[in-house]
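The values are calculated or read from the model by the stated rules, or taken from the named source; none is laboratory data. Small disclaimer: the values here were computed from a predicted structure and weren't measured. Every residue, glycine as well, gets a Cβ built from its backbone with ideal geometry; the counts of neighbours run over all protein chains shown. All accessible areas refer to the heavy atoms of the entire protein, side chains included, with ligands and DNA or RNA removed. Shrake-Rupley method; radii C 1.70, N 1.55, O 1.52, S 1.80 Å.
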Amino acid sequence: MKSLLFVPASREDRFKKAFSTKASSIIFDLEDTVNEAGKSKARENIERFARDNKDEKFFVRINSFESSSHKDDLKLLDSIKPSLKGIMLPKADNKDEIESLEYKVLALIESALAVYSLESLIRARNLLALSIGLLDLSLDLSLEEGCGKDFILDSIKVKMVVLSKAFNLAKPINGVYARFDDKTGFKKECDKVRSMGFGGALCIHPMQVEIVNDTYLRGAKELAWAKEIVRLAELHDNSVFSFEGAMIDLPVILRAKALLGEL
């Protein structure tokens, strides 16, 4: 999972267009982008699309357990099971709630309680990956714009990466970058979180999809380096050797093999 594109479930006219992008996955959103009056119609839109497009698979962001719409969302999920890759659960802060769902779950970390509970959440048997709701989390933590806010959010991201790796979970997915017309800023953010160990990003506009995909596309130079390291490692029987002025030991060799294994 690299680029996950949100589509408001109230905007049926955008459904097929979303699948024509190169997004890794589509997420039909029943939560923040749909007002309360429009949620019933939005569910109907998803159900109709699933019925008429049986080959298309997607995620659905349902409403949280606290929402009055949650139970109706679950009824929808039961009717479209063959079309589901899984669901995105907002305000995920309780392991038992995650495990009560009969689907693979992308858990959105959006509160102080969720951060505190990460070591419990990560053990949920049906957890697919973690993601971070940057706007809601910033609000819940009363963060203000500045380097302090960035430090706190980055610290939480580090914890997500470490726990995901420790429990053999897929790499976490970065949250929404709200300024979708700021391509330079979004690219910088994608480069940063990739270097931190994140596996992709949530997108709110099709133009963001290409940027995410390009970020996670291994360049020719990087792949050539990995192939040469693996070749030389075989010649040296995986012992330490030097290459281009750098010491190459087992961790570097394993990194090169991992890069080639991502193809």
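General observations
- Total residues in segment 77-98, condition open to solvent by less than 40 Å² (accessible area, probe 1.4 Å), closer than 30 Å to Asp52 by Cα and without any contact (Cβ under 8 Å) to a residue 40 or more places away in the chain: 7
- Flag set for Asp29, criterion: in contact with a strand residue (DSSP E or B) (Cβ under 6 Å, 6 or more places away or on another chain), modelled with pLDDT of 95 or more and acidic (Asp, Glu).
- Within segment 192-217, residues that are closer than 16 Å to Asp182 by Cβ sit with their Cβ atoms under 8 Å from residues that are small (Gly, Ala, Ser) and open to solvent by 30 Å² or more (accessible area, probe 1.4 Å), at 6+ positions apart or across chains, in these pairs: Ile204/Ala178.
- Scanning segment 141-188 for residues that are among the small types (Gly, Ala, Ser) and surrounded by fewer than 17 Cβ atoms within 10 Å (Cβ to Cβ) yields Ser142, Gly146, Gly148, Ser155, Ala166, Ala170, Ala178, Gly185.
- Of all residues in segment 17-50 being in contact (Cβ under 8 Å) with a residue 12 or more places away in the chain, open to solvent by 70 Å² or more (accessible area, probe 1.4 Å) and part of a helix (DSSP H, G or I), the one that is nearest to Gly197 (Cα to Cα): Lys17
- When segment 213-235 is filtered for residues that are open to solvent by less than 30 Å² (accessible area, probe 1.4 Å) and either farther than 27 Å from Cys203 by Cα or in contact with a Phe, Trp or Tyr (Cβ under 7 Å, 6 or more places away or on another chain) (or both), the ones remaining, listed by number, are Ala226, Ile229, Val230, Leu232, Ala233.
- Flag set for Ser138, criterion: modelled with pLDDT of 95 or more and surrounded by 15 or more Cβ atoms within 10 Å (Cβ to Cβ).
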